[in-house]
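As structure tokens, the structure follows; a few thoughts come after it.
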């Protein structure tokens, strides 16, 4: 007599999130709220804001989401070679950059959809709008070392989803040349090929100015081009690029924000205070990792980055198969189009789902 075996529960997908998080980001919440996923840690790097401030946002997000067990990891503070002084020199030679992240002192134009830049020193952490973290502490382990430890503990199982500059991944690869080989895959938000404005809103037109005359420039890569080159040439088993291009069909409208924040939960209450008007850059990357079928058009290209200190410093360069120079470039799956209604439905479903009890201080009064 044969006794039927019980179907085993499929193992949870292991992932490390890497980001220069600025605020309460739906991108991380989407992964934290997804069943069948084990978030091994969230790494904070400098980019849009400095590392220490990003780490504070990460810690507070984990408190509000009720996930204090997830390590909040400090990544690198500075790019490998790029600097504020070098960026100012580059601008004097080649023209103004629309966004310089933590180095942005003021807007070139006065009609931007974004709030005023918060320029400060790298070791200053301003008070957070949603309250400062009090329960979740920063890990004592550097993010690069944590990643190396995880890919060796779980060889071939750990995905890395990077939605900020790639400095930390370059450090990990430089410390251990087997890093990329031992990881399952890398999905990153970064780079730009030839984006076009596809929405009629004011915010879409404002963001379109960034790539109209510089279609290959994107902030995450421009912050640390040398790191991106190291990462792009590493021998990943699989690497997926989510560039700016598909993001122009998306927008965090007030209506979408209201739908995502509709639940009477700490996540819902915090989301209702988020600033609308941004494309869904990071959400695209985490959603495509969760559900690859959301990418409705992809292309296999060899990708590299210009590290010459010329007018194209930090720009993406790409080739079809057979046209690449053969200097270490690796093929990447480039996401060109996404199913926007399905993306929005996924965000609403996961962010309005029940959540674990929040920890730490309650949200300040609105």
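Name the pairs whose Cβ atoms lie under 6 Å apart, with the first residue in the range 322-342 and within 23 Å of residue 236 (Cα to Cα), the second modelled with pLDDT of 95 or more and assigned to a loop (DSSP other than H, G, I, E, B), and 6 or more positions between them or separate chains?
328/233
Only one of 276, 354 is modelled with pLDDT of 95 or more and either out of contact with any helix residue (DSSP H, G or I) (no Cβ under 7 Å at 6 or more places or on another chain) or more than 18 Å from residue 192 (Cβ to Cβ) (or both). Can you tell me which?
354
Inside the range 248-271, can you point out the residues that are outside any helix (DSSP H, G or I), touching a residue at least 12 places away in the same chain (Cβ under 8 Å) and surrounded by fewer than 16 Cβ atoms within 10 Å (Cβ to Cβ)?
262, the sole residue that qualifies.
Return the pair list, or none, for Cβ contacts closer than 6 Å from residues in the range 122-135 that are closer than 16 Å to residue 47 by Cα to residues that are at pLDDT 95 or above and surrounded by 16 or more Cβ atoms within 10 Å (Cβ to Cβ), at least 6 apart or on different chains.
Listed by first residue and then by second, the contacts come to 122/50; 125/52; 125/53; 125/56.
So, in the range 58-85, exactly how many residues are outside any loop (DSSP other than H, G, I, E, B) and over 20 Å from residue 147 (Cβ atoms)?
5
Considering the range 86-139 alone, what residues qualify as being in contact with a helix residue (DSSP H, G or I) (Cβ under 9 Å, 6 or more places away or on another chain) and in a helix (DSSP H, G or I)?
87, 88, 101, 102, 103, listed by residue number.
Residues are listed down the side, and each one gets a yes or a no for (1) more than 19 Å from the chain's Cα centre (by Cα); (2) crowded, with 18+ Cβ neighbours inside 10 Å; (3) over 21 Å from residue 314 (Cα atoms); (4) free of Cβ contacts under 8 Å to residues at least 40 places away in the same chain:
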residue: 48; (1), (2), (3), (4): no, yes, no, no
residue: 57; (1), (2), (3), (4): no, yes, yes, no
residue: 60; (1), (2), (3), (4): no, yes, yes, no
residue: 65; (1), (2), (3), (4): no, yes, yes, no
residue: 74; (1), (2), (3), (4): no, yes, yes, no
residue: 78; (1), (2), (3), (4): no, no, no, no
residue: 87; (1), (2), (3), (4): yes, yes, no, yes
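Which one is nearest to residue 329 (Cα to Cα) among residues in the range 208-219 that are touching a helix residue (DSSP H, G or I) at 6+ places or on another chain (Cβ under 8 Å) and in a helix (DSSP H, G or I)?
Applying the filter and picking the extreme gives 219.
State the number of residues belonging to the range 295-311 that are surrounded by fewer than 16 Cβ atoms within 10 Å (Cβ to Cβ) and farther than 15 Å from residue 82 by Cα.
Here the count works out to 4.
Hey, residue 308 hits all of (1) in contact (Cβ under 8 Å) with a residue 24 or more places away in the chain; (2) in a loop (DSSP other than H, G, I, E, B) but one; which does it fall short on?
All conditions are met except number (1).
Report the residue count in the range 164-195 for those that are assigned to a loop (DSSP other than H, G, I, E, B) and in contact with a helix residue (DSSP H, G or I) (Cβ under 9 Å, 6 or more places away or on another chain).
Total meeting the criteria: 13.
Which of the residues spanning the range 349-362 are under 25 Å from the mean Cα position of the chain (by Cα) and surrounded by fewer than 17 Cβ atoms within 10 Å (Cβ to Cβ)?
Correct list: 349, 353, 354, 356.
Only residues that are surrounded by 15 or more Cβ atoms within 10 Å (Cβ to Cβ) and farther than 17 Å from residue 61 by Cα: list them for the range 337-348, please.
338, 339, 340, 343, 344, 346, 348
Among the residues of the range 202-224, which ones are in contact (Cβ under 8 Å) with a residue 60 or more places away in the chain and surrounded by fewer than 24 Cβ atoms within 10 Å (Cβ to Cβ)?
Across the range 202-224, the qualifying residues are 202, 203, 204, 206, 209, 210, 214, 216, 217, 219.
Given (1) over 20 Å from the mean Cα position of the chain (by Cα); (2) touching a residue at least 12 places away in the same chain (Cβ under 8 Å); (3) assigned to a loop (DSSP other than H, G, I, E, B), identify the lone condition not met by residue 152.
Against the list (1) over 20 Å from the mean Cα position of the chain (by Cα); (2) touching a residue at least 12 places away in the same chain (Cβ under 8 Å); (3) assigned to a loop (DSSP other than H, G, I, E, B), residue 152 comes up short only on (3).
The values are calculated or read from the model by the stated rules, or taken from the named source; none is laboratory data. On a predicted model such as this, the values are computed, not experimentally measured, just so you know. All Cβ positions, glycine included, derive from the backbone under ideal geometry; neighbour counts span all protein chains shown.
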